[in-house]
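What follows is a single structure, written as C-alpha cells, with notes after it.
The values are calculated or read from the model by the stated rules, or taken from the named source; none is laboratory data. Computed from a prediction, not measured in an experiment: that's the story for all the values here. Cβ placement follows ideal geometry from the backbone for every residue including glycine, while neighbour counts extend to all protein chains displayed. All accessible areas refer to the heavy atoms of the entire protein, side chains included, with ligands and DNA or RNA removed. Shrake-Rupley method; radii C 1.70, N 1.55, O 1.52, S 1.80 Å.
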Amino acid sequence: KIFYAYVFSSNVDFGGGPNGQDLASIEIAYGAGIKPVLGKITFDFAGLYYTYPGAFAPGGEFNYFELKTGVNTTLFNDKLALALYNYWSPENFGETGKNEVVEFDAGWTFNKVWYFTPTLSGIVGHQWGEQSEGGFDYTYWNLGLTLGFNDTYALAMKEDQAQKLGIATMSDLVKHPE
C-alpha cells in the first residue's frame, strides 16, 4: 500500500462577520500521497487541499493547498514511534502568504493492561508565516494518552476539550452521547 487518498470533514468556528454571519462552519480536506518504505523507515509525500464551502471570507480566500513531506520509523520492538513532518503552502489560509511548518511526533506504546493498550504521545511543532502578508510564527505542542482496547478500538481526547465538556472520568462520557 504505497498510495493513499482521503477526504476529511470537520466543523469549524472562525467567529462571525460584520453582520453576524458565520465566517465558516465546515472544513473539507482532500489529500493524496505516496508512502514509500525503505527498511523500517517510511517516507510520506502528499498534496493536501483544504476547503471551506460557503465561507464568508472578507479578508481573503480561506481555501488553500499544502505540500506535506515526512519520515517516520519505530524502534524498540515498535514500542517507540518517531516522526518528522514538514508542511508548506505557497498561499496559506486567508491569503496570508507562504507558510511552513515543521513538526516532530513521538509516542510510546506500553504493554497491554487488562483490555487496554495505553500509548503516551506528544507533538511539538513550529510555524513560520509570511508576516508581511498577515502570517505569523508560533510554536505549538500537545501531549496525549490514547487507550486502545481489544486491539481494535482507541479512545483519545485532548485535555482542553475534556475541560470544556466537563469530562474528568470515563463515566462523564455518558453525559455526551454526541
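The single condition among (1) open to solvent by 70 Å² or more (accessible area, probe 1.4 Å); (2) under 30 Å from GLY94 (Cβ atoms); (3) modelled with pLDDT of 90 or more that ASN142 does not meet is (1). If only residues of region 26-60 that are open to solvent by less than 70 Å² (accessible area, probe 1.4 Å) and charged (D, E, K, R) are counted, the one that is farthest from the chain's Cα centre (by Cα) is ASP44.
Assess whether GLU133 counts as being surrounded by 14 or more Cβ atoms within 10 Å (Cβ to Cβ), at pLDDT 85 or above and of a type in the set (Asp, Glu). Here the answer is no, as GLU133 does not meet what is asked. Among the residues making up region 70-91, those that are open to solvent by less than 50 Å² (accessible area, probe 1.4 Å) and of a type in the set (S, T, N, Q) are ASN72, THR73, THR74, ASN86, SER89.
How many residues are of a type in the set (A, V, I, L, M), touching a residue at least 24 places away in the same chain (Cβ under 8 Å) and over 21 Å from ASN63 (Cβ atoms) when one looks only at region 86-138? First the steps, then the outcome.
Here is the first cut: in region 86-138, the ones of a type in the set (A, V, I, L, M) are 101-102, 106, 113, 120, 123-124.
So of that shortlist, the ones also touching a residue at least 24 places away in the same chain (Cβ under 8 Å) come out as 101-102, 106, 120.
If we keep only those that are over 21 Å from ASN63 (Cβ atoms) too, we end up with 102, 106, 120.
Within region 86-138, residues that are of a type in the set (A, V, I, L, M), touching a residue at least 24 places away in the same chain (Cβ under 8 Å) and over 21 Å from ASN63 (Cβ atoms) number 3.
When PHE104, PHE76, PHE149 are checked against the criterion of being at pLDDT 95 or above and over 25 Å from PHE45 (Cβ atoms), a single residue qualifies: PHE76. The criterion of at least 3 residues that are polar (S, T, N, Q) is met, among strands (runs of 3 or more DSSP E) falling completely within region 51-136, by 64-75, 116-129.
Taking the numbered list (1) touching a Leu at 6+ places or on another chain (Cβ under 7 Å); (2) open to solvent by 100 Å² or more (accessible area, probe 1.4 Å) in turn, PHE14 passes all entries but (2).
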